[in-house]
Amino acid sequence: MSEQRERSGEGRRKRQAVDAVRPRTVAAVLCPYAPTAQREERDREAKLEEAVGLARAIDLEVKLAETAPLRRITPATLVGKGVVERIKAAVTEQGVGLVVVDDKLTPVQQRNLEKAWDAKVIDRTGLILEIFGARARTHEGRLQVELAALDYQRGRLVRSWTHLERQRGGFGFLGGPGESQIEIDRRLIGERIVRIKRDLEGVRRTRAVNRVGRRKARLPTVALVGYTNAGKSTLFNRLSGAGVMAKDLLFATLDPAMRSIKLPNGKACVISDTVGFVSDLPTHLVEAFRATLEEVLEADLIVHVRDIAHPDSERQRADVEAVLHDLGVIEEGAGHQIIEALNKIDVLPPDARRRLQTRSDTGAERHRQYAVSAVTGEGVQQLLEAVGDFLGRASEAREVSVPLSDGATIAWLYRHGEVRSRHDDGETARLTVALDAAAAAQFERRLGR
């Protein structure tokens, strides 16, 4: 047995060594756009830049990146014949093995383009799924990605599927060494989807139990949301002292993380880091990650982290709000509190930084927008104070008198409320304390014990 384990370990080391020296896949990125939408040049370039960033997030070597006008959709190939021929010539000349089309392709369009270009082709959804597959680390994360991938693959059964015996991250769109190719029919996919949904339902129940526990402990939850690469994980680490991976990569964080932190007013709260959003995020991806995003739905406060130094910060803000609207977070009457952390002020030019600071201090949005740098820590203290203020806003201040001998009740008030003043008079402690509705009800029951 030991000899077998040695040989097995040696085999794994050899495969890892081969993987380490294997050249990266040479890729091309094609970004179609509709001229009728009157997109400005900056919009087109930003869209292309994001698509290239997504490709590089899974270590693709992008040799060619260009936009292509889409005046009308060609049913067979999406883009017109001229674009197909131009890309074919470039693919052949550059030795490209994979073409990323930053749009939604039908299975027929995908197959036709692969034949025309003699290269693998994936669309925007397939690329995002590949990134998610490579990033997922927890069991829950892998389940959610696999659910989204299976749903995507339903109509693409002509392609190979490798999730049952994969030896690396990803979900088989790009292939890989050592992966056995297993063709799955609709019935098997349907059965697997049912099993995954059942497992994720268990995840939802566990999260619900945890949320009940936090409510009983009077721990409010703050959820960080935002566009991918806006700096959520860096801010999360700054606030909590955690060691969550924070890199200058799109979708660097996939699996959610939660930590308890102490606010400047002495109260504690739980802060959660969530998956980043992106423009044109496929609906079934949002649905697959609903178990994770329930933390956003149940949060007492949402902090929208924005990359204020990004040229398309406003467009990214709209994309995030669109996803939050789809989740029902910002629908009228939803009752969720949202503030914005305008992140990365450390990379702004001095003039733009001064204007932003003035707007944050005196503008109409000054009570819900806070300029911060997660890297340097500038503005983070003010953000924490604002979080404490928002969480305590629903609290009702009341005067209470407690015998000094009842130290347990006094300690309980400090733990579950915000003590704003205290005056000890003889044998009695007179406190002005803010309690939310649930804590106030608990206190009344405590007095009647």
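Derivation of every value follows stated rules applied to the coordinates shown; laboratory data play no part. It should be emphasised that the depicted structure is a prediction, and the values quoted were computed from it without experimental measurement. For neighbour counting, all protein chains shown are included, and Cβ atoms are generated from backbone atoms with ideal geometry for every residue, glycine included.
A few notes on this one:
- Neighbour cut-off at most 11 other Cβ (10 Å), DSSP loop, trypsin sites (Lys or Arg not before Pro), segment 375-434: ARG393
- Which of TYR33, VAL108, ALA55, positive extreme of dipole for segment 24-118 (C-beta unit charges): VAL108
- Pairs exceeding 26 Å between alpha-carbon atoms, taken from LYS197/LYS232; LYS232/LYS267; LYS120/LYS232; LYS63/LYS120: LYS197/LYS232; LYS120/LYS232.
- This ranking places TYR414, TYR227, TYR152, TYR370 by how few other beta-carbon atoms lie within 10 Å of each, fewest first, which gives TYR414, TYR152, TYR370, TYR227.
- Dipole of segment 396-447, positive end: most advanced residue of THR432, LEU404, GLY417 [Cβ charges, Cα centre]: GLY417
- Taking the average, over residues, of other Cβ atoms within 10 Å as the packing measure, peptides 119-131, 380-392 rank 119-131, 380-392 from highest down.
- By other beta-carbon atoms within 10 Å, ranking VAL222, VAL209 with the fewest at the front produces VAL209, VAL222.
- Between GLU85 and ASP361, the simple spin-label model (points 7 angstrom out along Cα→Cβ) gives 6.2 nm.
- Relative protection proxy for 63-75, 95-107, 266-278, from highest mean packing down: 266-278, 95-107, 63-75 (other beta-carbon atoms within 10 angstrom).
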